[in-house]
Amino acid sequence: MLQERRVIEPRKKQQDAGSTRDRILITNSEIAQPNSIPPLVSALKTCAHQNAATFHFPGHNRGRAAPSSLVHLIGLKPFIHDLPELPELDNLFSPEGPILEAQKLAAKLFGSSETWFLVGGTTCGIQAAILATCSPGDYLILPRNSHISAISAIVLSGVIPKYIIPDYDCLWDITAGVTLSQIEKAIEELHMEGQKVGAVFITSPTYHGICSNLTDISKLCHSYEIPVIVDEAHGAHFGFHPQLPSSALQQGADLAVQSTHKVLCSLTQSSMLHMSGNIVDRERICRCLQTLQSTSPSYLLLASLDAARAQLSEKPGSIFNNALDLALETKNLIGNIPGISMLGTLGFSNFPVIDPLRLTFGFWRLGLSGFEADETLYSDQGVISELVGTRSITFAINLGTCRDHIQRLACGIKNLSEASLLSFEKIKGQMEDHCGSAPFSDITMCLNPREAFFARKRKVAIGESLGKICGELICPYPPGIPVMIPGETITKKALEYLVLVKNKGATISGASDPLLNSIVICDV
């Protein structure tokens with residue numbers, strides 16, 4: 001345990017010199033659980049209310065020098081509680097006090113053998129998971145539609161990717177998960193070549209809520225003693241209601257990284273990394289997290305993770321009742337509006353499970369792109385969506401969703417339908433013209449991502465880039481799924497897709513020229 005720390009109160013007028021109020025001794029036990037407040041929240045509260053003479057960072061000095069413009073926006077309380085790694089608040093990299101207790105409580109709730117709090121988002125957790133399981137030269141099996149954090153982890157670790165091309169529905173322009181047979185084929189191919197598989201990396205659920213069969217995949221991988229890492233950024237709520245899918249850990253995953261700030265209620269940028277089983281070396285995870293995370297973690301973020309855990313643990317079996325009811329109500333209100341399509345499992349027969357709190361509606365039968373529909377919904381009803389695509393919009397239902405917002409969404413979509421319905425022939429033509437394959441279905445990797453990252457590069461006009469080796473990671477964002485990855489041959493299909501989504505209103509992330517007039521290539 002941490003050493004006890006003395007906090008000296010300044011003397012007050014008319015106070016006896018021998019008064020016991022002159023000195024207050026704060027112990028870990030007193031900080032840990034006053035009135036059943038979550039341990040890290042309690043420790044932060046206690047420290048923030050000390051009457052101490054403060055000579056430590058941050059420079060705003062508990063709000064005394066807080067910028068006035070931000071104080072007018074959020075008040076002083078965030079600054080008062082924005083404290084550094086004081087002894088009473090524990091150390092993120094070697095926790096012995098309230099952080100350790102908070103992480104243990106989270107592990108118990110989520111069913112892990114150990115849980116780590118993350119202040120660098122799920123990106124940090126994914127990077128740590130890959131670095132902790134894979135060594136330079138190992139192969140990492142992963143879907144080609146993985147988040148860019150997995151690609152950055154490949155660059156950092158020196159592993160070689162073995163991509164799986166996920167199922168793709170051209171009508172929705174949406175990619176799904178990966179199947180057991182795809183994973184089995186990838187493992188067998190690498191074993192035939194005498195290559196070592198460091199880990200299998202799966203994204204489940206996808207941004208659209210589509211889930212892979214992790215139970216069968218985990219059993220297969222464990223028969224080869226290969227750890228399974230799951231990017232469960234969008235599934236921190238899984239397993240906490242009979243209508244919700246099982247969590248990655250419940251399905252046998254070894255490491256699961258969750259964005260606690262998405263469906264659950266911690267502050268943005270805060271996440272958790274959960275471990276189960278005995279395949280992965282926990283000490284190596286600790287070393288990787290210490291390498292990747294800030295040495296000055298935000299205690300507001302850490303305390304919010306503890307608070308979100310406590311909120312969920314109060315009624316874990318029923319906390320999502322209202323959200324699930326509202327999601328069903330939304331489907332009923334919008335599902336029968338003319339010209340509106342609703343994402344289900346028909347287009348993804350290999351993936352029968354979709355998160356019921358993630359609702360995706362298609363607008364192509366109205367002659368609208370997702371971007372056009374989103375702009376109208378915002379201007380008409382003040383509706384702000386979670387994810388906009390070329391053909392659809394995804395809406396996230398959560399614990400804070402209210403019926404008034406559901407009704408505004410339904411009203412906005414109904415107005416869209418009434419104003420935009422087109423003739424069947426025009427609809428048919430638009431539907432047929434769009435269908436094709438995933439933009440990354442025919443990739444060729446000339447250099448692995450780490451080699452391409454350090455290769456000499458130059459910029460060329462977009463028209464001159466065809467067939468060259470891509471030197472930058474380019475993806476529409478959100479959702480942050482790369483269309484081109486450094487080291488891959490630039491294809492006509494990828495270029496056409498990027499131009500298509502840019503023209504429809506997507507933001508192109510990662511490109512040195514977001515207008516896509518030029519592109520960086522590897523000069524090798």
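The values are calculated or read from the model by the stated rules, or taken from the named source; none is laboratory data. Predicted model, so just to flag it, every value in this text is computed and none were measured. For neighbour counting, all protein chains shown are included, and Cβ atoms are generated from backbone atoms with ideal geometry for every residue, glycine included. In case anyone asks, the SASA skips ligands and DNA or RNA and just uses the protein heavy atoms, side chains included. Shrake-Rupley method; radii C 1.70, N 1.55, O 1.52, S 1.80 Å.
Would it be correct to say that VAL230 is within 19 Å of THR123 (Cβ to Cβ) and open to solvent by less than 30 Å² (accessible area, probe 1.4 Å)? Reasoning before the result, please.
Details: within 19 Å of THR123 (Cβ to Cβ): yes; open to solvent by less than 30 Å² (accessible area, probe 1.4 Å): yes.
Against the criterion (within 19 Å of THR123 (Cβ to Cβ) and open to solvent by less than 30 Å² (accessible area, probe 1.4 Å)), VAL230 qualifies.
Condition first: surrounded by 13 or more Cβ atoms within 10 Å (Cβ to Cβ) and either free of Cβ contacts under 8 Å to residues at least 40 places away in the same chain or β-branched (Val, Ile, Thr) (or both). Now tell me which residues in region 342-357 satisfy that.
So in region 342-357, the residues surrounded by 13 or more Cβ atoms within 10 Å (Cβ to Cβ) come out as 342-343, 345, 347-348, 350-351, 353-357.
Of everything in region 342-357, those that are surrounded by 13 or more Cβ atoms within 10 Å (Cβ to Cβ) and either free of Cβ contacts under 8 Å to residues at least 40 places away in the same chain or β-branched (Val, Ile, Thr) (or both) turn out to be MET342, THR345, VAL353, ILE354.
Is one or more of the residues making up region 315-329 at pLDDT 95 or above, in a loop (DSSP other than H, G, I, E, B) and farther than 29 Å from GLN407 by Cα?
Taking every residue of region 315-329 in turn, none turns out to be at pLDDT 95 or above, in a loop (DSSP other than H, G, I, E, B) and farther than 29 Å from GLN407 by Cα.
PRO58 is checked against (1) closer than 22 Å to ASP306 by Cβ; (2) at pLDDT below 95; (3) of a type outside the set (Gly, Ala, Ser); (4) part of a loop (DSSP other than H, G, I, E, B) and fails just one. What number does that condition carry?
Only one criterion in (1) closer than 22 Å to ASP306 by Cβ; (2) at pLDDT below 95; (3) of a type outside the set (Gly, Ala, Ser); (4) part of a loop (DSSP other than H, G, I, E, B) is unmet by PRO58, namely (2).
As an exercise: evaluate SER296 against (1) outside any loop (DSSP other than H, G, I, E, B); (2) in the same structural domain as ASP216 (by the TED database) and give the number of the one condition it does not meet.
(1)
Does region 272-282 contain at least one residue that is touching a residue at least 40 places away in the same chain (Cβ under 8 Å), part of a helix (DSSP H, G or I), among the charged types (D, E, K, R) and open to solvent by 60 Å² or more (accessible area, probe 1.4 Å)?
Yes.
Looking at LEU220, LEU190, which one is surrounded by fewer than 24 Cβ atoms within 10 Å (Cβ to Cβ), touching a residue at least 12 places away in the same chain (Cβ under 8 Å) and either in contact with a strand residue (DSSP E or B) (Cβ under 6 Å, 6 or more places away or on another chain) or of a type in the set (Gly, Ala, Ser) (or both)? So that I can check it myself, show each step before the final result.
Working: LEU220 fails: either in contact with a strand residue (DSSP E or B) (Cβ under 6 Å, 6 or more places away or on another chain) or of a type in the set (Gly, Ala, Ser) (or both).
Exactly one residue qualifies, and that residue is LEU190.
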